[in-house]
């Protein structure tokens, strides 16, 4: 098959030309993914940074250029008003603090829900272990949007939970659950749970059983063994799982929009509204830059954890 | 093991939490009543309604095309990135490539979407391309974050790979390109299949990034679902969800079976 590819004339000619230019296959193989990510991942952030410093305008695109040519020289106008605006209006600061709070608490809850599950799966004998693991991953393959929509049906005042509770006589007034902060926490824990369980599982499954046995032989009770051996050893998994929930949850848009109330303002939703409703691109860009600054530290922690794992493996 | 009964109950509750909403979606898709949560008798009328809705069908076709092209390009680019990172040792720009190929995994979607849109608008002003936005810009955006996922999947497969076969082929005088296509690709094929499916699903599922970078006339399926769901209850969405869940369950089942078989044979 490859022979055919190599004999295919355009391939041969291209290869010959590249060799003439001193570009070996090696450079080319590096260059393709590198350039793609450079142009479509890194440079866009510079564009966002640029537009966050420009003045809004009623035009298409709705902002003024940073550099203007007045015939003799280029005038660079940096406009920090968008950032000053973010600081002056408590809406933005509150949305930031609220997003971090929601993401943090959700990640803690997901850890409490996910850790025992990951532990149980990792300790299960083989056919069952694979089956349970597949069951954890399966919801991740179905539509995220539809799973959030499913919770709407569960939580609304005439929804599944209220119908059940009213029907069994536990309550006589429907509970208000949809459009509350509670629903947002629930939605985030629900949708991100697989991201918590998988790294924890990957860590716990490698746990050396002999350490647990040694602890038991020395008279350590199960809880003591857990807190002195299992928990410290699974720390990389805990950090990775925590960050995989925490970081994307901060910028979450769909969950607060569909499950939260009108005042559940998370920063992703603020950015969305700023862009789509107010059409204020410079302020939306400033929100994005500010969000990135908040995210840099957790992303660095995650990367260093993953780098450690790479070296250990 | 002491306390494992408790652990088992906890785990069962966890799986009920994961699956109860999905099951209720499926059950109520066969509901006669328009109220999604009140049972009014068995009916398949919402499925009929779904297949007569031109908006849903049109957007599903667009989403399918976008996901197909995205998955294919993402596998090519992601595999190249993974190969370079695992096999090329040290080279200039390695740290940058590592960063750029992992950061999209955790980047909030609103930021990815906004930054790519602003890039496309600026590029159009500067070089006149892309002229307008639509399927092409969605594909570019999706490839960018999907290739990161493919790279992770392929990297772990490449890292655990025995290099004997490749070295033997080199010793016998095969050139690197030939070794790559004849030895490496077949050996990492399960990871490529998994990566392709992952990219396909991620692209099919994406609402936020596509909403930013799309243009008039290119509404993907999640955008149509989102606008319907935002307006209120729509039982035909339950029917759609059921179809998606059944297709996904079958696909995941087949993929698991295929990978187990190839793991046993390989």
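The values are calculated or read from the model by the stated rules, or taken from the named source; none is laboratory data. Everything numeric here is computed off the predicted structure, so don't read it as measured data. Glycine gets a Cβ as well: all are built from the backbone with ideal geometry, and neighbour counts include every protein chain shown.
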Farther than 23 Å from residue A:239 by Cα, at pLDDT 90 or above and surrounded by 12 or more Cβ atoms within 10 Å (Cβ to Cβ): is that true of residue A:118 in this structure? no
Residue check for residue B:195: closer than 21 Å to residue A:140 by Cα and crowded, with 20+ Cβ neighbours inside 10 Å: yes
Taking only the range A:169-184 into account, find how many residues are surrounded by fewer than 21 Cβ atoms within 10 Å (Cβ to Cβ) and assigned to a helix (DSSP H, G or I). 2
Keeping to the range A:245-262, report how many residues are more than 7 Å from every other protein chain (Cβ to nearest Cβ) and over 18 Å from residue A:177 (Cβ atoms). 4
Do you know which of the residues in the range B:157-178 that are assigned to a helix (DSSP H, G or I) and at the interface with chain A (Cβ under 9 Å from one of its Cβ atoms) is surrounded by the fewest Cβ atoms within 10 Å (Cβ to Cβ)? B:159
Please specify each residue of the range B:5-45 satisfying the condition of being over 24 Å from residue A:186 (Cβ atoms) and buried (at least 16 other Cβ atoms within 10 Å of the Cβ). B:30
With the requirement that a residue be touching a residue at least 60 places away in the same chain (Cβ under 8 Å) and surrounded by 23 or more Cβ atoms within 10 Å (Cβ to Cβ), what does the range B:140-152 give you? B:141, B:142, B:143, B:145, B:146, B:147, B:148, B:150, B:151
Could you check the range B:179-228 and list, in sequence order, the residues that are more than 13 Å from the chain's Cα centre (by Cα) and part of a loop (DSSP other than H, G, I, E, B)? B:188, B:214, B:215, B:216, B:217, B:218, B:219, B:220
Mind checking whether some residue in the range A:189-202 is within 7 Å of chain B (Cβ to nearest Cβ) and either outside any helix (DSSP H, G or I) or closer than 24 Å to residue A:232 by Cα (or both)? yes
What number of residues within the range A:257-279 satisfy the criterion of being closer than 16 Å to residue A:102 by Cα and modelled with pLDDT under 90? 5
Unique residue being more than 10 Å from chain A (Cβ to nearest Cβ), assigned to a helix (DSSP H, G or I) and buried (at least 17 other Cβ atoms within 10 Å of the Cβ) when the list is B:84, B:75: B:75
Output the number of residues of the range A:40-63 satisfying the condition of being at pLDDT 80 or above and facing another protein chain (nearest Cβ under 7 Å). 9
Based on this model, can you work out whether residue B:132 counts as surrounded by fewer than 14 Cβ atoms within 10 Å (Cβ to Cβ), more than 9 Å from chain A (Cβ to nearest Cβ) and in contact with a strand residue (DSSP E or B) (Cβ under 9 Å, 6 or more places away or on another chain)? no
Scanning for something touching a helix residue (DSSP H, G or I) at 6+ places or on another chain (Cβ under 8 Å) and under 30 Å from residue A:128 (Cα atoms), does the range A:252-262 turn up at least one residue? no
Okay, helices (runs of 4 or more DSSP H) sitting entirely in the range A:81-168 with 2 or more residues that are within 7 Å of another protein chain (Cβ to nearest Cβ), I get A:90-123, A:126-141, A:144-155, A:160-167
Checking the structure you have, find out if any residue of the range B:103-117 is loosely packed, with under 15 Cβ neighbours inside 10 Å and either more than 7 Å from chain A (Cβ to nearest Cβ) or in contact with a strand residue (DSSP E or B) (Cβ under 8 Å, 6 or more places away or on another chain) (or both). no
For the range A:205-303, which helices (runs of 4 or more DSSP H) that fit wholly inside it have 2 or more residues that are touching a residue at least 24 places away in the same chain (Cβ under 8 Å)? A:235-250, A:254-259, A:267-276
